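What follows is a set of notes on a single structure, which appears directly below.
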Amino acid sequence: MQKIKKLIGILAVIFYCISFTTTVSCSREKEEFSPSLPLITQTGENTFGCYVDGVLVVPRSGKGGTLGPSAGMLLYSGSSPDSLSNYDNDLRVRDHKSGTNATFILHISSMDSIYESSREIKESNCENPLTGFLNSSINMSCTLYDPTSNTTKQFCSIENSGILTISKYDIQNKIFSGTFHCRAFNSDNPDEVIEITEGRFDINWGTLTAYIIFP
């Protein structure tokens, strides 16, 4: 009986150690999570990433409130659920966690006419999404915190300064994917120009909702 009790005690200690190690390991993984630029894919992974003036911008959800978390990425479209057709579409990204105050808006009109091709990126006036953009098929705007001046700057894409390539537009599976790069100017100081590089996205507009958590 004593041997059995001793064995049970040893097993309990081992189980405790394993549980504790696993818990600490998981906790450290959460604390040490570091976002990275996603791979370029065309399978509707709902990913987005680019560098704005060398700073990584990816979607990261916020805590939100009673209605749920603050969305890291959403697609706003004026078209039907079946296609992105000849309407305005905004892919809106926000990083709620990294302290960069980063946002990014990719504005695409008439996806059906663009289909799978490369187009020049046009000038953005950085106004409200959908209704406030200049009358052009593709433009971008973003915001980024500048620790040097302790301000959040807004940047607008420059006319014909880069390329958007739609590598996949699959209406049946509701997937559109692509890559992009361009230059952008500070809306308060047009002489300040930055580079937006290594942009990529892989969206399934049938599954991208506010309830997806971007860590």
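The values are calculated or read from the model by the stated rules, or taken from the named source; none is laboratory data. Owing to the predicted nature of the structure, the values given are computational and were not obtained by experimental measurement. Calculation scope for accessible area: heavy atoms of the full protein, side chains included, ligands and nucleic acids excluded. Shrake-Rupley method; radii C 1.70, N 1.55, O 1.52, S 1.80 Å.
In table form, for the structure just shown:
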quantity: Protein accessible area in segment 96-201, 1.4 Å probe - carbon and sulfur %; calculated: 43
quantity: Under 20 Å from the Cα of K122 - aspartates and glutamates, other chains or at least 8 residues apart; calculated: D53, D88, D90, D112, E159, D188, D191, E192, E195, E198
quantity: Order of exposure, largest accessible area first, which applies to I194, I40, I105 with probe 1.4 Å; calculated: I40, I105, I194
quantity: Segment 91-215, Rg to Rh (Cα coordinates; Rh as Kirkwood inverse mean 1/r); calculated: 0.97
